[in-house]
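Worksheet for the structure shown next.
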Amino acid sequence: MITYKVSYVVIGGEHPGAIVNEFERPEVGGQVEIGKSVFEIVEIYEVMPPRGDFAFLHATVKPVKPAELSKSV
């Protein structure tokens, strides 16, 4: 099983973001919960080629308004 080490950076800088281990690859348009906040993934970049069981990704995210929350989060 591959582990994705994802650096989440929030557009606008009002939230510090996070580095999170994920067990499914995040996708553009998906939503992620960081702390008590929910964000939409805007873009994803591979930081470096996978090494062993780890892949390193950078994801840019934007805050989601409560009315836009998906049921998958």
Which ones in the range 25-64 are touching a Leu at 6+ places or on another chain (Cβ under 8 Å) and acidic (Asp, Glu)?
-> GLU46
Taking first residues from the range 53-73 that are at pLDDT below 70 and second residues anywhere that are surrounded by 11 or more Cβ atoms within 10 Å (Cβ to Cβ) and part of a strand (DSSP E or B), the pairs with Cβ under 7 Å that are 6 or more apart or on different chains are LEU69/VAL38; SER70/GLN31; SER72/GLN31; VAL73/GLN31; VAL73/GLU33; VAL73/VAL38
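What strands (runs of 3 or more DSSP E) lie completely within the chain and have 3 or more residues being open to solvent by less than 60 Å² (accessible area, probe 1.4 Å) and hydroxyl-bearing (Ser, Thr, Tyr)? I'd like the intermediate steps shown before the answer.
Details: elements: 3-10, 18-22, 31-34, 37-51, 54-63.
Correct list: 3-10.
The values are calculated or read from the model by the stated rules, or taken from the named source; none is laboratory data. These numbers come from a predicted model, not from an experiment. Glycine gets a Cβ as well: all are built from the backbone with ideal geometry, and neighbour counts include every protein chain shown. Remember, those area values only see protein heavy atoms, side chains included, never the ligands or the DNA or RNA. Shrake-Rupley method; radii C 1.70, N 1.55, O 1.52, S 1.80 Å.
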